[in-house]
1. Looking at the range 141-163, can you tell me whether even one residue there is in contact with a helix residue (DSSP H, G or I) (Cβ under 9 Å, 6 or more places away or on another chain) and among the acidic types (Asp, Glu)?
2. So for the range 546-565 (the condition being in a loop (DSSP other than H, G, I, E, B), modelled with pLDDT of 95 or more and charged (D, E, K, R)), does at least one residue qualify?
3. Which of (1) within 16 Å of the chain's Cα centre (by Cα); (2) farther than 25 Å from THR416 by Cα is the odd one out, the single condition ASN380 does not satisfy?
4. Does the range 92-109 contain at least one residue that is of a type in the set (Asp, Glu), over 23 Å from GLY130 (Cβ atoms) and more than 40 Å from the chain's Cα centre (by Cα)?
5. What strands (runs of 3 or more DSSP E) completely inside the range 186-230 contain at least 1 residues that are of a type outside the set (A, V, I, L, M, F, W, C) and open to solvent by 70 Å² or more (accessible area, probe 1.4 Å)?
6. Working carefully through the options THR122, THR103, find the one that is modelled with pLDDT under 95 and surrounded by 18 or more Cβ atoms within 10 Å (Cβ to Cβ).
7. Before we move on, is ALA581 open to solvent by less than 20 Å² (accessible area, probe 1.4 Å), out of contact with any Gly (no Cβ under 9 Å at 6 or more places or on another chain) and not in a loop (DSSP other than H, G, I, E, B)?
Amino acid sequence: MRQLPGRFAIAFSLLVMGCAAESTGPGGGPPVGDLKAWSDPATWPSGQVPAAGDSVVIPVGLAVELDKSPPALHSLTVNGDLALGTNDVALTAGWILVNGSFTAGSEQNPYTHRALITLTGTAGNPDVSGVGNKMIGVSGRLELHGETRGGWTHLDGTAPQGATSVTLVRNPGWRVGDRIVLASSDYNQSRAEEAVIAAVSGRTLTLAAPLAREHFGEVLTVSGVSLDERAEVGLLSRNITIQGDTGATPGFGGHIIVLSGATAHVEGVELFQMGQRGNLARYPMHWHMAGDVTGQYLRNSSVWRTFSRCVTVHGSDNAAVQDNVCYDHTGHGYFLEDGGESGNLIEGNLGLTSRVPQGADRLLASDATPATFWITNPDNTIRDNVAAGSAGFGFWCAFPASPTGLSTGQPDLPRTTPLREFSGNVAHSNHNGGLFVDDGPLPDGTTEVTNYEPRAVPSDPNSAPVLADFTGFRAYKHYFRAVWLRGTYLRLSHALLADNAIGATFAAYETSVTSSTFIGQSGAIAQLPSGSYLRGYEFYDGRVWADQVTFINYTAATTVPASALGYNRTNAFPINPRNYAGGMTFVNATPVFLENPHADKDGDKSAVFLDQDGAVTGNAGRWVVANTPILLSPGCAFQAAWNAHVCTSRFAKLSVGSGASEPVAPLTVTRDDAVALDLSGTGNGTDHAALSVLPARGYAVTWSAATPAQPRFYLDNAQAGDAVTLSLPYAAAPGQVIRDYWAGNPMSAAGSLAELTASTGDKFFYDGATGRLHLKLVVMADRDWATLFVKP
């Protein structure tokens with residue numbers, strides 16, 4: 001806590017009179033010649049300089065220079081103009097309302113002196129003008145331009161535990177006495193630490209105390225690939241500081257709120273002990289329902305030791321949040337609040353040490369897994385940011401179906417809106433993962449599984465899909481998974497993922513990773529992220545694929561053998577048999593390992609993928625197949641090191657459902673050579689089941705309980721002409737069998753099983769002697785699917 005000039009006793013509501021004055025000076029402030037000194041009694045209508053505890057109002061038409069530090073004020077309302085002068089000053093007030101202008105320097109001539117602004121309201125004080133208390137509320141113009149020193153950089157050389165100096169990649173203009181923060185450089189997000197600069201020599205900083213931990217600072221070359229895992233170093237000290245005092249209520253910091261019609265240009269500023277724990281709309285820096293704020297910004301500033309978030313853009317468009325340091329914050333950090341925010345630029349920011357709020361202080365349920373960058377609308381630019389240590393996620397793309405909260409009713413449709421830009425971002429040392437595209441908000445603040453499906457016209461479900469390219473992403477040192485994407489027509493391109501337990505998993509359709517590199521162990525750290533598994537890319541759902549991807553150093557002796565490729569573990573959901581790998585390069589890497597299927601995980605049992613060009617198996621067009629007997633055929637060869645088979649046969653997907661509210665799982669599927677497989681049901685539910693099948697084979701379906709009255713069968717991911725025959729117990733000849741959804745032309749009954757076998761899929765056969773119904777699924781021309789619906 002900094003030295004505080006003082007505190008006030010009681011705050012009260014203030015009726016603000018007058019309107020904002022026009023600002024015409026440098027940086028948008030008042031003309032220098034019009035300024036009158038705060039310390040001059042003649043400046044004030046009362047003829048007296050404000051005293052301790054006063055509620056000060058600068059009226060319209062009066063422009064005041066804060067030339068000296070006043071005593072602690074009850075409040076300050078700026079209806080005219082207030083500018084920081086040419087001296088170091090400290091300003092303490094319960095709250096500050098800016099209806100006119102509040103200026104320190106300009107873009108062209110930054111403020112170079114020391115200014116300390118302390119907000120001293122308490123939690124019991126009345127709300128002021130609808131924006132709370134202990135705040136700077138802006139309905140006019142806020143122009144704060146501190147020194148333009150570099151905000152953050154990287155180490156140039158590892159700083160060992162106990163080191164008393166560090167060398168940086170560049171000299172950002174930091175000085176003796178500055179407080180800095182060094183990011184964690186291992187798997188633990190809580191290993192960032194602060195330091196104070198005792199001396200500066202070029203790019204080398206001498207520290208006031210030894211470092212408690214090692215911070216990695218080397219650029220490695222791993223099998224010819226350059227890998228930068230150097231720890232970031234951020235500047236916390238700024239010459240303009242806005243802070244909340246410690247106060248009587250822990251966690252009740254100050255806040256800045258910028259309203260509709262206001263203007264905020266803030267740079268080179270330190271926000272310390274800001275945000276109010278558990279209170280909505282009380283954040284360190286906050287554009288609140290401000291609409292189009294083109295040209296406004298927070299940049300090159302530090303926001304640290306906050307009690308709620310760092311920077312919030314709420315119901316506001318086209319703000320710029322650039323080159324900031326957000327450190328030691330509670331809940332989500334850089335925060336696009338409702339999903340109605342678009343056109344904003346989030347660029348070049350560093351965020352680290354994102355903490356979990358206590359239960360009662362969580363503004364959203366998702367704050368339990370805080371994201372350093374919480375992104376609720378894809379129509380924003382997220383570029384060249386670093387998430388360097390969160391108790392939750394680094395980047396969480398949490399897209400609601402429609403805007404929530406105060407933005408409810410806005411026309412945005414985030415789940416179908418094209419991605420404007422997500423490029424060059426970096427995530428490391430995050431507990432839950434680096435990039436998470438899933439689990440969008442609901443109106444009640446909870447989240448749900450979310451499929452991001454960008455379209456040319458978001459409101460038109462028949463509109464053409466638009467590829468969302470998450471490009472240039474680097475992620476390393478994650479205990480669990482670096483990247484999780486759920487959606488349709490997504491791509492992870494030009495990524496570099498290293499030292500993660502799992503590199504990437506896509507619960508998606510028509511989604512890929514391309515032109516990327518995965519490194520299992522770089523040598524930057526001896527510790528494995530997990531003793532259980534080490535895997536590069538995981539297939540899941542589908543169709544998904546990896547193309548032109550290099551895998552390096554996937555050979556560790558983990559419990560599950562390390563591998564470049566695999567399937568999402570313990571999977572109970574259907575997979576697409578057309579998932580594929582192409583253009584793979586393996587350097588000291590086991591190409592694939594498929595675990596033995598779990599008895600209750602149907603997705604495990606169906607795991608297959610296509611080796612498109614032979615880079616995995618040595619032969620183009622081969623399938624890599626799980627150790628499931630019903631998937632195997634004479635054209636398969638077991639690869640012991642992979643715990644998988646390499647097969648020549650092609651696969652399709654057979655699904656079972658019902659046209660009525662009745663269970664279809666569990667069930668048993670037996671192939672025509674008596675090889676059987678028990679299915680537990682999709683997601684261990686009872687209304688659907690699926691498995692990979694071989695075209696041109698026959699399968700018998702049986703149930704331990706009653707046969708469904710209206711079973712439905714779907715053959716997907718097949719080719720025109722593919723056929724699969726089915727048989728199932730059925731009490732009597734069906735009333736109808738409908739092919740390919742065409743209820744107007746039900747199929748006719750065949751006179752014999754031989755007639756059915758010879759048919760083109762337009763007949764069924766009921767064998768009264770055995771009580772079995774025989775069906776033939778045949779894929780018609782120009783399709784890759786077939787269906788048969790049975791009705792009694």
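The values are calculated or read from the model by the stated rules, or taken from the named source; none is laboratory data. The structure displayed is predicted, hence computed values, not measured ones. All Cβ positions, glycine included, derive from the backbone under ideal geometry; neighbour counts span all protein chains shown. Quick note on the areas: whole protein, heavy atoms, side chains included, nothing else; ligands and nucleic acids left out. Shrake-Rupley method; radii C 1.70, N 1.55, O 1.52, S 1.80 Å.
1. yes
2. No.
3. (2)
4. No, every residue in the range 92-109 fails to be of a type in the set (Asp, Glu), over 23 Å from GLY130 (Cβ atoms) and more than 40 Å from the chain's Cα centre (by Cα).
5. 193-201, 219-222, 225-228
6. Selected residue: THR122, the only one of THR122, THR103 that is modelled with pLDDT under 95 and surrounded by 18 or more Cβ atoms within 10 Å (Cβ to Cβ).
7. For ALA581, the condition - open to solvent by less than 20 Å² (accessible area, probe 1.4 Å), out of contact with any Gly (no Cβ under 9 Å at 6 or more places or on another chain) and not in a loop (DSSP other than H, G, I, E, B) - is met.
Per-residue answers, yes or no, for (1) surrounded by fewer than 24 Cβ atoms within 10 Å (Cβ to Cβ); (2) over 26 Å from the mean Cα position of the chain (by Cα):
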position: GLN243; (1), (2): yes, yes
position: HIS255; (1), (2): no, no
position: LEU259; (1), (2): yes, yes
position: HIS265; (1), (2): yes, yes
position: GLY268; (1), (2): yes, yes
position: LEU271; (1), (2): no, no
position: MET274; (1), (2): no, no
position: ALA281; (1), (2): yes, no
position: MET285; (1), (2): no, no
